[in-house]
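Reviewing the structure listed below.
The values are calculated or read from the model by the stated rules, or taken from the named source; none is laboratory data. Small disclaimer: the values here were computed from a predicted structure and weren't measured. Cβ: placed from backbone, ideal geometry, glycine included. Neighbour counts: every protein chain shown. Each accessible area value is taken on the protein alone, full model and side chains, heavy atoms only, with ligands, DNA and RNA left out. Shrake-Rupley method; radii C 1.70, N 1.55, O 1.52, S 1.80 Å.
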Amino acid sequence: MPVSSHEGKAFILRLLDALNGYFNFRQVLDVGAGAGGYCRFLGPAFPDSEWTALEIWQPYLELFELETHYQRVLITDARSWVPDRNFDLVIMGDVLEHMQPQEALDLVIKLLDYTQLALISIPIVHMPQGTTYGNPYERHVKDDWSHKEVLGYFPNISMSFAGEEIGVYLLSANQGVHEVVQLMTAGL
């Protein structure tokens, strides 16, 4: 679905709010923007941020009026896209389950080269999903991630949250950033 579960959102807001003062999230990339939920939810908390939507399904552009929420909207497949700039934060919210695990890993590794912090939100229970809104990319290709599997599969996880259905993971390829995240988010 082009919208995501509410689970984990309060944690994401607390986490990013705790880190924003240090990392200053001016440039945010929302991979698999869908209906624009992350921008709508987090945008007001970071009013000075410029949001870029990366969406594979062209009809969502009009259906969800993405251009009214994002400063830039790019209609392309994230797996083959090459970023033209660095971002302060990359959000991959409910997108990695829509691809093969190796494709998801390759995407995460690629995007870590263009950001200090990447946030993943992903179902961590068996959650099958088919085509919705006529969008074949909405199908869950890997519909049975677990929290333990995500922790062991994706690199450079600085912090995590496991809910009943959704896991949230913050990653950084930079060891110094990883250490800052650990210090600034102790007790969340």
_Among the residues of the stretch 3-50, what is the count of those that are open to solvent by less than 30 Å² (accessible area, probe 1.4 Å), in a helix (DSSP H, G or I) and not charged (D, E, K, R)?_
10
*Selected residue (only one of 97, 62, 103 is in a helix (DSSP H, G or I) and free of Cβ contacts under 8 Å to residues at least 24 places away in the same chain)*: 62
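Applying the selection to the stretch 77-134, what residues are at positive phi and open to solvent by less than 40 Å² (accessible area, probe 1.4 Å)? Quick ask: steps written out before the conclusion?
First pass over the stretch 77-134, keeping only residues at positive phi: 94, 133-134.
Listed by number, the list holds a single entry, 94.
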*asked:* Cβ contacts < 8 Å: first residue free of Cβ contacts under 8 Å to residues at least 40 places away in the same chain and closer than 23 Å to residue 64 by Cα, restricted to the stretch 75-87; second residue part of a loop (DSSP other than H, G, I, E, B) and among the aliphatic types (A, V, I, L, M), any location; separation 6+ or different chain. Result?
replied: 75/56; 76/56; 77/56; 79/99
*Could you give every pair whose Cβ atoms fall below 8 Å, whose first residue belongs to the stretch 15-26 and is closer than 17 Å to residue 120 by Cα, and whose second residue is of a type in the set (D, E, K, R) and open to solvent by less than 40 Å² (accessible area, probe 1.4 Å), counting only separations of at least 6 or pairs across chains?*
25/88
_If I filter the stretch 130-156 down to residues being modelled with pLDDT under 95 and in contact with a Phe, Trp or Tyr (Cβ under 9 Å, 6 or more places away or on another chain), which single residue comes out as farthest from residue 182 (Cα to Cα)?_
134
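Are any of the residues in the stretch 156-172 of a type in the set (D, E, K, R), open to solvent by 40 Å² or more (accessible area, probe 1.4 Å), on the phi < 0 side of the Ramachandran plot and in a loop (DSSP other than H, G, I, E, B)? Even if it seems obvious, please write down each step before you answer.
Our first condition is that a residue be of a type in the set (D, E, K, R); within the stretch 156-172, this holds for 164-165.
Now narrow it down to the ones that are open to solvent by 40 Å² or more (accessible area, probe 1.4 Å): 164-165.
Adding the requirement that they be on the phi < 0 side of the Ramachandran plot leaves 164-165.
Cutting the leftovers down to in a loop (DSSP other than H, G, I, E, B) gives us 164-165.
Yes, that holds for at least one residue.
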